[in-house]
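The values are calculated or read from the model by the stated rules, or taken from the named source; none is laboratory data. Given the structure is predicted, the values throughout are model-derived calculations rather than measurements. Every residue, glycine as well, gets a Cβ built from its backbone with ideal geometry; the counts of neighbours run over all protein chains shown. To get the accessible areas, we keep the full protein, side chains included, count just its heavy atoms, and leave off ligands, DNA and RNA. Shrake-Rupley method; radii C 1.70, N 1.55, O 1.52, S 1.80 Å.
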Number of protein chains: 2
Amino acid sequence: MPRAGLDPAAVVAAGAALADEVGLAHLTMGSLAERLGVRTPSLYKHVSGQDDLNRRIAALALSEAADAVGGAVQGYAGREALAAAARAFRAFVLEHPGRYAATIGVEPSGPDDPLATASRRLLAAFVAVLRGYEIAEPDVDHALRMLRSLCHGFATLQAADGFQWSADIDQSFEWLITFADRGLRVMSGAGAV
Amino acid sequence: MPRAGLDPAAVVAAGAALADEVGLAHLTMGSLAERLGVRTPSLYKHVSGQDDLNRRIAALALSEAADAVGGAVQGYAGREALAAAARAFRAFVLEHPGRYAATIGVEPSGPDDPLATASRRLLAAFVAVLRGYEIAEPDVDHALRMLRSLCHGFATLQAADGFQWSADIDQSFEWLITFADRGLRVMSGAGAV
DNA sequence: GCTTCTAGCTAAAGCGATTAGCTACAGCGT
DNA sequence: ACGCTGTAGCTAATCGCTTTAGCTAGAAGC
């Protein structure tokens, strides 16, 4: 038996890729092992089980998403930054539906969990977008949650084929960006709540 | 063996309730059978399998959500209607996270599928909300998708405990309603995209 | 070249979904 | 009241996937 030369990172990367291809629900230890040219139990030398694998895929996904969004925002402000961030986020989720799905419902075990770090990085990228609007300090958290809900909701609904009816989806997304831009500008004037 | 007197509706209702309690992922045929005082294989006399059960729970959830949102909107218009719909929707998802989770990723098999009917009813409730704003006809679809993304995103993120940081979540949701109201009003003026 | 560490293997246990086939309760007609 | 019939629920068994136990041999250091 020739050594396959695996390590945790390689297993997680392959798992994420496979999840993107077949859907997270169809990612089994067996199929992943086969993909890696190895027998199923061998995977347990690198990840401690399906749960651990899922958490690591989630951390990878959030980290990549943070890179994508953070990079897209560079050099822009205001509406441009918002549009770039939203488009980058959606593109990431649509290209990597499996690994993004792994992030839903996982909770960091502590502040040092790679999951928590990656999550903070992604949030930071959205905070940067909000700096382009005159949001009152106490409202920044609310705006951040709104932005995240909007992006998460749209991307996951589309990834799950939740939009059955007719109108063009890209167009809807551009409309949504305009909506968010104008809404944020209006909210910056008067105190909300 | 005394008859338990089950039927598909009772099995689905119990499944939905159990999913709300323990989470959709932990809803097993075994635990559901135990809850109903019956052996596992007996369930297959009422639903054709886990897939079928999931679809039926999803249809039930969408139908109930449509009732809740539709009822809440009655007699209101504009901001009041929007707030009522959003609050009703969020309350439903938070009270019934398991059954709502069942709706994610299921696709109606055809236009007569109870799933499709329930889905249309829920959408209709949101369309009613939008009638209170002067949205140009071609933009109604976009606004509907936006509204759905916003509600779905916020509710599922909260249900999954996705909001780790500090600010008060109810307050964030009220802020979000105000944001959506103002955004919809602004969008009604100028043509978007 | 020898020792040591460990990636990967085979074997096996265990759990959940599902199917096959039996049994007996309930509702019906007589 | 009595038997007939349809079917809800049962036991037994299969199958697939996860996970553990224990072995083996390739690679790295001396």
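About its Cα centre, the dipole of segment B:117-182 is roughly 320 debye, where the only charges are +1 on Lys and Arg Cβ and -1 on Asp and Glu Cβ. Across chain A, C-alpha contacts under 8 Å between residues 6 or more apart give a mean separation that, scaled by the residue count, equals a relative contact order of 23 percent. Phi angles of segment B:86-99 translate, via the Karplus equation with coefficients 6.51, -1.76, 1.60 and θ = phi - 60°, into HN-Hα couplings of 4, 5, 4, 5, 4, 4, 4, 5, 6, 7, 10, x, x, 5 Hz per residue; Gly and Pro are given as x. Electrostatic tally near B:Cys151: other residues with Cβ closer than 12 Å to its Cβ, Lys and Arg +1, Asp and Glu -1, net +4. Between the helical axis of A:50-73 and the longest alpha-carbon principal axis of chain A there is an angle of about 40 degrees. With each label modelled as a point 7 angstrom along the Cα→C-beta vector, the B:Ala14-A:Glu95 pair spans 4.8 nm. Around A:Arg3, under 14 Å between beta carbons, what's the net of Lys plus Arg minus Asp minus Glu among the other residues? Net charge around A:Arg3: +1.
Restricting things to alpha carbons, find the Rg to Rh ratio for chain A using the Kirkwood radius for Rh. If you can, show how the numbers build up before the last one.
Details: Rg = 18.9 Å, Rh = 18.1 Å.
When Rh is taken as the Kirkwood radius, the ratio is 1.05.
Overall, chain B carries a charge dipole of about 260 debye about its Cα centre when +1 sits on the Cβ of Lys and Arg and -1 on the Cβ of Asp and Glu, all other atoms neutral.
Not counting the cut sites, what is the longest span of chain A without trypsin sites (Lys or Arg not before Pro) that DSSP labels loop and that have at most 15 other Cβ atoms within 10 Å?
A:40-130
For the pair B:Ala4 and A:Lys45, what calculated FRET efficiency results from E = 1/(1 + (r/R0)^6), where r is the Cβ-Cβ distance and R0 = 35 Å, to the nearest 0.05? Can you show the working numbers first?
Numbers: r = 47 Å, r/R0 = 1.34.
After rounding to 0.05, the efficiency reads 0.15.
Distance between the pseudo-spin-label points of A:Tyr76 and A:Val127 (7 Å out from Cα toward the beta carbon): 2.1 nm. For the protein assembly as shown, the dipole from Cβ point charges (+1 on Lys and Arg, -1 on Asp and Glu) about the Cα centre works out to 380 debye, to the nearest 20. What separates the A:Ala25 label point from its copies, with the point 7 Å along Cα to Cβ, is 1.4 nm, written shortest first. Converting phi to 3J(HN,Hα) with the Karplus coefficients 6.51, -1.76 and 1.60 and the offset θ = phi - 60°, segment B:129-135 yields 4, 5, 4, x, 10, 8, 7 Hz in sequence order, with x at every glycine or proline.
Could you work out the helix-only [θ] at 222 nm for the protein assembly as shown, with each DSSP H run of four or more residues adding -39,500 (n - 2.57) and the total divided by the number of residues, to the nearest 500 deg cm²/dmol? Show your work: numbers first, answer last.
Working: 16 runs with 260 residues, N = 386.
It comes out at -22500 deg cm²/dmol, rounded to the nearest 500.
Loop-resident GluC sites (Glu not before Pro) (DSSP state other than H, G, I, E or B) in segment B:46-134 with no more than 16 further Cβ atoms inside 10 Å of their Cβ: B:Glu134. Helix A:169-189 axis versus longest C-alpha principal axis of chain A: approximately 50°, rounded to the nearest ten.
Placing +1 on the Cβ of each Lys and Arg and -1 on the Cβ of each Asp and Glu in the protein assembly as shown, which of A:Gly5, B:Phe92, B:Met146 has its Cα farthest towards the positive end of the resulting dipole? Farthest towards the positive end: A:Gly5. Go ahead and run the numbers for FRET between A:Ser109 and B:Ala167, Cβ-Cβ distance against an R0 of 25 Å, rounding to 0.05. The value I calculate is 0.65.
The Cβ shell under 14 Å around B:Ala66 holds other residues with a net charge of +2, Lys and Arg each +1, Asp and Glu each -1. Here is how far apart the B:Gln50 label points are across copies: 0.8 nm, shortest first, using a point 7 Å from Cα toward Cβ. Using a probe of 1.4 Å on the protein chains alone, the accessible area found for B:Phe173 is around 10 Å².
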